[in-house]
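Enquirer: My questions will all concern the structure given below.
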Amino acid sequence: MDGLKEIESYESIQYIVVKFGDEQFGIDIKYIDNIVRMQRITRVPNVPAYIKGVINLRGEVVPVVSLRLKMGLEEDEITKLTRIIIIKLENGEVIGVLVDSVKEVVTLDTREIEKVSYDSAEEKTNFISGIGKDKGELISLFDLNLVFAEKEKSN
Amino acid sequence: MDVSQYLEIFLDETKEHLQNLSDQLMNLEQDPENMDTINEIFRAAHTLKGMAGTMGYKRMQNLTHDMENVFSEVRNGTIKADGSMIDILFQCLDALEEYTENIQNTSDEGTNDNEHLIKALNDILAGKGSAPAVSEPVAAPAESAKSVQSTPSAATQNDEAKEKWKAISFSDTDKKVLGEAIKQGKNVFGLSVFVQETCILKAARAFLVYKALEELGEIMISVPSAQDIEDEKFDFDFSVIIISEVDMDKVKAAVMNVSEIENCYIAPIELEVEKHDVVPSAEEKSAEVSVSQHAAGQTPAKAEKKSAAKPIVNRTVRVDIEKLDVLMNLVSELIIAKNSLVSAAQTEGITSNSSVNEPIEYLESVTTNLHESVMKVRMVPIESVVQKFPKMIRDLSKKLDKKMQLFMSGEETELDRTVVDEIGDPLMHLLRNSADHGLESAEIRKKRGKPEVGSIFLDAYQDGNNVVIEVRDDGNGIDVEAVKAKAVEKGKITQEQADAMTDKDAIDLLFQPSFSTAKQVTDVSGRGVGLDVVKSKIESLSGDVEVKTKLGEGSTFIIRLPLTLAIIQALMVEVGGEKYAISLGSIQTIEDIAPNEIKFVQNEEVINLRGDVIPLIRLNKVLDNESTKGPDDNLIVAIVKKGDKLAGLVVDELMGQQEIVIKSLGKYINKSKVISGATILGDGEIALIIDANALL
C-alpha cells in the first residue's frame with residue numbers, strides 16, 4: 001500500500017483486483033466489507049443458479065453469488081485461491097461474491113478509466129462501468145449497482 | 001403547575017376515554033334510550049373536559065364542555081339522541097382525536113377551534129326549545145357527583161365518619177414525637193382529604209396536597225402511605241397527621257387551594273389519656289434520649305417527603321422497542337453460543353460426563369426461559385389495533401349506505417409488538433374489503449333471505465405457535481367465475497388458463513397486484529391496491545393469508561402469524577444430505593410409514609393415518625435434491641398441520657429437537673417460498689428453515 005501512496009492523486013479510486021480465469025476485474029474498495037476464504041456454502045433450493053447459497057459470516061447469514069455464472073462464464077472451479085468477497089451495497093444489503101482469486105489493490109486515476117459502451121452483446125459487459133489501465137494491464141471495473149440491481153428487473 | 005410530567009398519563013387516559021366514548025356512542029346508536037350508556041358518555045365527556053382543563057388545553061375543554069352539555073340534556077330527557085346528533089358527536093370525537101394527536105406530537109393541542117362542531121352542538125341544545133341549557137353551570141363537577149348532592153345537614157352528620165384520620169393508630173415512637181412537638185408549642189393536626197370522585201389525576205392532586213402540607217409543616221403519618229398514594233392505590237381520600245407551626249385554618253386553606261379537592265376534614269390532635277400512660281416514662285428520660293428518638297421519628301417522615309417529590313411512577317416501565325430488539329438479539333446470540341457449546345461437548349464425547357452435562361442442561365433451561373421472558377415482554381394484545389375498527393365500520397356503513405355490524409372476539413390475543421404495529425393496515429384493508437365487496441346491499445340481502453344488516457366478524461385466537469386472525473363476512477362470497485372473467489379481460493390470463501383453473505388458483509388471482517373485481521371504483525376500495533398489499537405485508541411478517549369462500553354465503557380471510565419472529569423450537573431433519581429445520585409448532589406427530597402403505601388419490605401420494613387421508617409431500621422433490629433413501633426403505637413422515645389441513649412431509653433422517661434462532665436470508669435471495677429463513681447451528685453450519693405452512 002505504501003507504494004501506492006506515491007501515485008495518489010485527488011481524483012483516484014482504489015480498486016481490489018480480482019481474477020476470473022485470465023481476465024482481471026476491479027471492485028471499488030468502498031463497497032468491500034471483507035474478503036474471506038472459501039467456506040462451506042449452504043445451498044438454497046429453488047433460486048437462480050448464480051445464487052450459490054448462503055454462508056455464516058460471523059453469525060449473520062449472507063447470500064453468495066457467482067459472478068461467473070452471472071456474467072455467462074463457466075461454473076466456478078473451487079481452488080485454494082478462491083475467495084468470497086463480502087460486499088456491502090448502498091442499501092445496506094450484504095452479499096458475498098465468489099472470485100477465482102484476489103490479486104492486489106490498485107489506485108486508479110479517474111483519467112485512466114475509459115468508459116465502455118453498452119452495445120456489446122456480451123452479458124458481462126452489462127456490469128462493467130469502465131476499463132482501467134494499470135502497469136500496462138487492463139482491468140474491467142464492476143458497477144456493483146448494475147450487477148445487483150439488474151435482478152429486480154428480471155423479477 | 002408544571003404538567004409536562006403528567007402528559008404521558010394524560011395521553012394514555014385520554015385515548016382510553018375517547019375509545020370508551022366511541023364504544024358507548026356505538027351502543028347509543030343501537031339503543032338510544034339506554035340510560036346507562038347515556039350516563040357513561042356523560043361521564044366520559046365530563047372526565048375528558050376535566051383532564052383537558054387540568055392540562056390547560058382550552059380548545060379541547062371547550063369542545064368537551066359543549067358535548068357534555070348536550071349529554072346533560074339527553075340525560076335529563078329534554079332531548080333525545082338521534083342519528084344526526086350521534087353523527088355530530090362522532091365528528092366531535094374525530095376532532096378530539098385530532099387534538100390528542102397534536103398534543104402527542106407537539107404537546108400543543110393545535111389551533112383548530114372546531115367552531116362548526118361547537119355550533120352544531122349548540123344548535124342541538126337550542127333545538128330543544130329551552131335555551132338556558134348552555135348557561136347551566138355544567139362545569140361544576142360537583143354536580144355530577146351524586147354523593148355531594150346531599151344536604152348540608154346530612155354532610156355534617158357524615159363529618160364524623162369522614163374524619164378518617166381518627167382511625168390512625170400511633171406507635172409508641174409516634175406518640176413520643178407528637179408529645180415532643182406539642183411540648184415545643186407546635187400544632188398537631190389530623191386531617192382527611194377527599195379528592196373529588198371525578199378527578200382524573202388523583203395521584204397528582206394528592207401530590208399537590210402533600211406538597212402544600214410539607215410547606216407548612218412535617219407530615220408524620222400518612223394513610224395510605226406516600227408510595228401507595230403515588231401509585232394511585234387509594235380511593236378518593238387519604239389521611240395524614242401533620243406537625244405544623246401554623247394554625248388549623250391555614251392548613252385547611254392550603255389543602256382546599258388545590259383544585260379538585262372536595263373537602264378536607266381537619267382537627268387538632270390531643271394526645272389522649274393513653275398517651276399519659278406511655279409518655280411520662282419517656283418524658284422522664286434524659287433529654288438526649290428523647291432527642292435521638294425524635295430524630296428517629298423524623299426519619300420515616302423525611303423518607304416520605306423524598307418519595308412524594310418524585311414524579312408519579314407506575315408499576316409498569318415504558319421501554320423503547322429498540323432496546324428490546326437489542327435484548328432479543330443478545331438472547332439469540334446466547335442461544336447460538338449455547339448450541340455451539342452443546343455441539344462441542346457432543347463431538348468431544350463428554351456429554352456422558354455428568355459434571356459437564358448437568359450444567360449444560362441447566363444452561364439450556366435458563367436460556368429457554370430467558371427467551372420466553374423476553375418474548376413475553378414484547379407481546380402486546382392486538383386490542384390496541386382492533387379497537388378502532390367498530391367506528392371504522394360504522395363510518396363505512398354510512399359512506400357505503402349499507403347496513404352492517406362488526407363482531408369482534410379475541411382482542412386480548414397477544415402478538416409481538418412489531419407485528420401488532422404492522423398488522424393494522426392489512427386488517428383494515430380486509431375489513432373494508434368485506435364491507436365494500438363482500439356484503440350485499442340491504443335489498444339484495446332481503447331477496448336472498450338474509451338479515452338486512454350484514455355481519456362482519458373479526459376473530460383472533462392462538463393456534464399452537466401461530467396467532468390466527470380471521471375476517472369473516474356473511475356477504476356474497478367471492479364469485480370465482482367473475483374473478484376469472486376479470487383476469488381474462490385484464491389480460492392476466494388466457495381463456496384456456498381460466499377454464500383449467502381451480503377455484504383456489506382463481507382466488508389467488510385476487511392477491512395479484514392491481515386486481516379488483518369491484519365494478520365501480522369507490523373511495524373505500526376497488527383501486528386495485530388492496531389484497532396484494534395485504535398479502536405482501538403479511539408475508540413480510542412471516543405469515544400467510546388464506547381465503548375460504550362460498551358464493552352467496554360469505555368469505556373468510558384467514559391470517560396466520562407466527563407468535564415470535566426470532567427464536568423457535570424446531571425439529572432438525574436431513575433431506576438429501578442437507579440439514580433443515582421445521583418449526584415444531586406445526587408438527588403434529590412423526591410417523592414411520594412402510595412403502596406399501598402409500599396409496600394414490602388423483603395421482604397424488606397419500607397415506608391413511610388413523611382414518612385421515614393425508615397427502616404426502618416428498619421434501620427432496622420440493623427442495624430439489626436426491627433422497628438418500630432407497631425406494632424400499634420405510635419413510636419417515638412428519639405430519640404437519642395448518643388450520644384443519646394436514647400433510648405428511650417425507651424426510652430422510654431425524655436429527656432431534658433444537659431451539660433455533662431465525663435469521664433472514666436477506667432481500668437478495670428472492671424469497672424462495674418454502675424457505676422461511678435460516679439458522680446457524682452449533683457447529684457454525686447453516687440450516688435452512690422449511691415453512692410448513694407454505695407447503696400446505
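The values are calculated or read from the model by the stated rules, or taken from the named source; none is laboratory data. Every value quoted in this text rests on a predicted model; they were computed, and no experiment measured them. Cβ: placed from backbone, ideal geometry, glycine included. Neighbour counts: every protein chain shown.
Enquirer: Pick from B:LEU89, B:LEU48: which is over 22 Å from B:CYS199 (Cα atoms), modelled with pLDDT of 80 or more, in a helix (DSSP H, G or I) and not hydroxyl-bearing (Ser, Thr, Tyr)?
Expert: Exactly one residue qualifies, and that residue is B:LEU89.
Enquirer: Moving to a separate point now. When B:ASP66 is evaluated against the numbered criteria (1) assigned to a helix (DSSP H, G or I); (2) over 24 Å from B:LYS15 (Cβ atoms), which criterion, by number, is the only one it fails?
Expert: Of the numbered conditions (1) assigned to a helix (DSSP H, G or I); (2) over 24 Å from B:LYS15 (Cβ atoms), the odd one out for B:ASP66 is (2).
Enquirer: Here is a further query. For the stretch A:26-46, what are the residues that are part of a loop (DSSP other than H, G, I, E, B), under 12 Å from A:LEU57 (Cβ atoms) and more than 14 Å from chain B (Cβ to nearest Cβ)?
Expert: Of everything in the stretch A:26-46, nothing turns out to be part of a loop (DSSP other than H, G, I, E, B), under 12 Å from A:LEU57 (Cβ atoms) and more than 14 Å from chain B (Cβ to nearest Cβ).
Enquirer: Then there is this: Within the stretch B:415-432, is there a residue that is under 18 Å from the mean Cα position of the chain (by Cα), in a strand (DSSP E or B) and either more than 30 Å from B:ASP499 (Cβ to Cβ) or not assigned by TED's automatic domain parsing to the domain that holds B:SER555 (or both)?
Expert: Within the stretch B:415-432 (the criterion being under 18 Å from the mean Cα position of the chain (by Cα), in a strand (DSSP E or B) and either more than 30 Å from B:ASP499 (Cβ to Cβ) or not assigned by TED's automatic domain parsing to the domain that holds B:SER555 (or both)), the answer is yes, since at least one residue qualifies.
Enquirer: Which of the residues spanning the stretch A:65-95 are assigned to a strand (DSSP E or B) and facing another protein chain (nearest Cβ under 10 Å)?
Expert: The answer is A:VAL65, A:VAL94, A:ILE95.
Enquirer: Does at least one position in the stretch B:373-380 carry a residue that is within 18 Å of the chain's Cα centre (by Cα) and closer than 23 Å to B:GLU97 by Cα?
Expert: Yes, that holds for at least one residue.
Enquirer: How many of the residues making up the stretch B:20-32 are in contact (Cβ under 8 Å) with a residue 40 or more places away in the chain and of a type outside the set (A, V, I, L, M, F, W, C)?
Expert: Of the residues in that region, 4 qualify.
Enquirer: Can you tell me which residues in the stretch A:11-58 are among the hydroxyl-bearing types (Ser, Thr, Tyr) and free of Cβ contacts under 8 Å to residues at least 24 places away in the same chain?
Expert: Selection gives A:THR42, A:TYR50.
Matching residues to (1) under 24 Å from B:SER441 (Cβ atoms); (2) modelled with pLDDT of 85 or more; (3) among the hydrophobic types (A, V, I, L, M, F, W, C):
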position: B:VAL521; (1), (2), (3): yes, no, yes
position: B:ARG527; (1), (2), (3): yes, no, no
position: B:GLY530; (1), (2), (3): yes, no, no
position: B:SER536; (1), (2), (3): no, no, no
position: B:VAL545; (1), (2), (3): no, yes, yes
position: B:LYS548; (1), (2), (3): yes, yes, no
position: B:LEU563; (1), (2), (3): no, no, yes
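Enquirer: Right, next: Is it true that B:ILE200 is farther than 29 Å from B:THR47 by Cβ, in contact (Cβ under 8 Å) with a residue 12 or more places away in the chain and not assigned by TED's automatic domain parsing to the domain that holds B:THR14?
Expert: no
Enquirer: Can you confirm whether B:LEU541 is touching a Leu at 6+ places or on another chain (Cβ under 7 Å), touching a residue at least 40 places away in the same chain (Cβ under 8 Å) and not assigned by TED's automatic domain parsing to the domain that holds B:GLN462?
Expert: no
Enquirer: Oh, and also: Picking from B:ALA254, B:ALA267, B:ALA296, B:ALA287, which residue would you name as being at pLDDT 55 or above and surrounded by fewer than 17 Cβ atoms within 10 Å (Cβ to Cβ)?
Expert: Residue meeting the stated conditions: B:ALA267.
Yes or no, residue by residue, for (1) in contact (Cβ under 8 Å) with a residue 24 or more places away in the chain; (2) of a type in the set (Lys, Arg); (3) more than 24 Å from B:ALA687 (Cα to Cα):
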{"site": "B:ASP320", "(1), (2), (3)": "no, no, yes"}
{"site": "B:VAL331", "(1), (2), (3)": "yes, no, no"}
{"site": "B:ILE336", "(1), (2), (3)": "yes, no, no"}
{"site": "B:LEU341", "(1), (2), (3)": "yes, no, no"}
{"site": "B:GLU348", "(1), (2), (3)": "no, no, no"}
{"site": "B:GLU361", "(1), (2), (3)": "no, no, no"}
{"site": "B:ASN369", "(1), (2), (3)": "no, no, no"}
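Enquirer: Suppose we keep only residues that are hydrophobic (A, V, I, L, M, F, W, C) and touching a Gly at 6+ places or on another chain (Cβ under 9 Å) within the stretch B:607-635. Which one would you say is nearest to B:MET572 (Cα to Cα)?
Expert: Ranking the candidates gives B:LEU619 first.
Enquirer: Let me ask you something else. Which ones in the stretch B:629-675 are away from every other protein chain (no Cβ under 14 Å), in a loop (DSSP other than H, G, I, E, B) and among the polar types (S, T, N, Q)?
Expert: B:ASN634
Enquirer: Moving on to the next point. With at pLDDT below 80 and either farther than 20 Å from B:ASP12 by Cα or buried (at least 20 other Cβ atoms within 10 Å of the Cβ) (or both) as the only criterion, which of B:GLY83, B:GLY110 stands out?
Expert: Matching residue, one of B:GLY83, B:GLY110: B:GLY83.
Enquirer: Ok, one more. Please go through the stretch B:421-467 and pick out each residue that is buried (at least 20 other Cβ atoms within 10 Å of the Cβ), out of contact with any Ser or Thr (no Cβ under 9 Å at 6 or more places or on another chain) and within 16 Å of B:VAL534 (Cα to Cα).
Expert: Listed by number, the residues that qualify are B:ILE423, B:PRO426, B:LEU427, B:LEU430, B:LEU431.
Enquirer: Let me ask something additional. Kindly indicate whether B:GLY677 is surrounded by 20 or more Cβ atoms within 10 Å (Cβ to Cβ) and in contact (Cβ under 8 Å) with a residue 12 or more places away in the chain.
Expert: Yes; evaluated as a whole, the condition is true for this residue.
Enquirer: Among what's in the stretch A:54-64 and is farther than 17 Å from A:VAL18 by Cβ and more than 8 Å from every other protein chain (Cβ to nearest Cβ), pick the residue that is modelled with the lowest pLDDT.
Expert: Among those residues, the one meeting the criterion is A:ARG58.
Enquirer: If you don't mind, there's one more thing I want to ask. Of the conditions (1) under 32 Å from the mean Cα position of the chain (by Cα); (2) away from chain A (no Cβ under 12 Å); (3) modelled with pLDDT of 85 or more, B:ALA678 clears all except one; give me its number.
Expert: Evaluating B:ALA678 over (1) under 32 Å from the mean Cα position of the chain (by Cα); (2) away from chain A (no Cβ under 12 Å); (3) modelled with pLDDT of 85 or more leaves (2) as the failure.
Enquirer: Tally time: how many residues in the stretch B:569-587 are touching a helix residue (DSSP H, G or I) at 6+ places or on another chain (Cβ under 7 Å) and either part of a strand (DSSP E or B) or polar (S, T, N, Q) (or both)?
Expert: 7
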